[in-house]
Amino acid sequence: MMQGQELFDKAGGKIEHHFGGGVYAKETIIPAGVMLQQHAHTYAHLSILASGKAAVTNGDTVTEYIGPACITIQAGIPHQVLAITDLVWFCIHATEECDPAHIDHALIQK
């Protein structure tokens with residue numbers, strides 16, 4: 001799901017999955033210089049930049065954020081995240097899916 005998966009892994013990138021009460025939070029520790037692959041979702045959701053600085057591309061718009069920040073990601077709009085510094089990023093979704101092996105399939109638009 002990320003550009004440079006090797007870079008992500010070698011630089012200490014990490015993903016944790018949190019499930020509770022029909023809400024899913026994907027916690028991603030993203031090393032500086034790594035970009036999450038562009039993708040879109042069927043439903044709008046919230047993303048939280050807990051710490052660090054990121055450049056978020058939402059469609060044709062690029063916005064820089066410094067954490068903490070809460071960002072609305074609109075449905076159907078391709079987006080990606082570039083870590084300007086090391087950062088902690090959460091994607092928050094309403095879903096009944098509770099299996100980390102299937103969560104991306106359930107949430108990412110094809």
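The values are calculated or read from the model by the stated rules, or taken from the named source; none is laboratory data. Just so we're clear, the structure is a prediction, and the values are computed from it rather than from any experiment. Note that we place each Cβ from the backbone using ideal geometry, even for glycine, and neighbour counts take in every protein chain shown.
In table form, for the structure just shown:
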| read-out | value |
| --- | --- |
| Failed item in (1) at pLDDT below 95; (2) on the phi < 0 side of the Ramachandran plot; (3) touching a strand residue (DSSP E or B) at 6+ places or on another chain (Cβ under 8 Å), with GLY4 passing the rest | (2) |
| Selection count where residues are surrounded by 14 or more Cβ atoms within 10 Å (Cβ to Cβ) and touching a His at 6+ places or on another chain (Cβ under 9 Å), scope region 43-70 | 6 |
| Output for region 18-38, where each listed residue is touching a residue at least 60 places away in the same chain (Cβ under 8 Å) and farther than 18 Å from LEU87 by Cβ | PHE19, GLY22, VAL23, TYR24 |
| Qualifying residue in region 84-98 (condition: aromatic (Phe, Trp, Tyr), within 12 Å of the chain's Cα centre (by Cα), surrounded by 13 or more Cβ atoms within 10 Å (Cβ to Cβ) and part of a strand (DSSP E or B)) | yes |
| Out of ILE77, ILE15, sole residue that is out of contact with any helix residue (DSSP H, G or I) (no Cβ under 8 Å at 6 or more places or on another chain), part of a loop (DSSP other than H, G, I, E, B) and without any contact (Cβ under 8 Å) to a residue 40 or more places away in the chain | ILE77 |
| Count - residues of region 26-53 that are of a type in the set (Gly, Ala, Ser), within 24 Å of ALA101 (Cβ to Cβ) and modelled with pLDDT under 95 | 1 |
| Sole exception among (1) under 15 Å from the mean Cα position of the chain (by Cα); (2) more than 14 Å from ALA40 (Cβ to Cβ); (3) modelled with pLDDT under 95 for LEU107, by number | (2) |
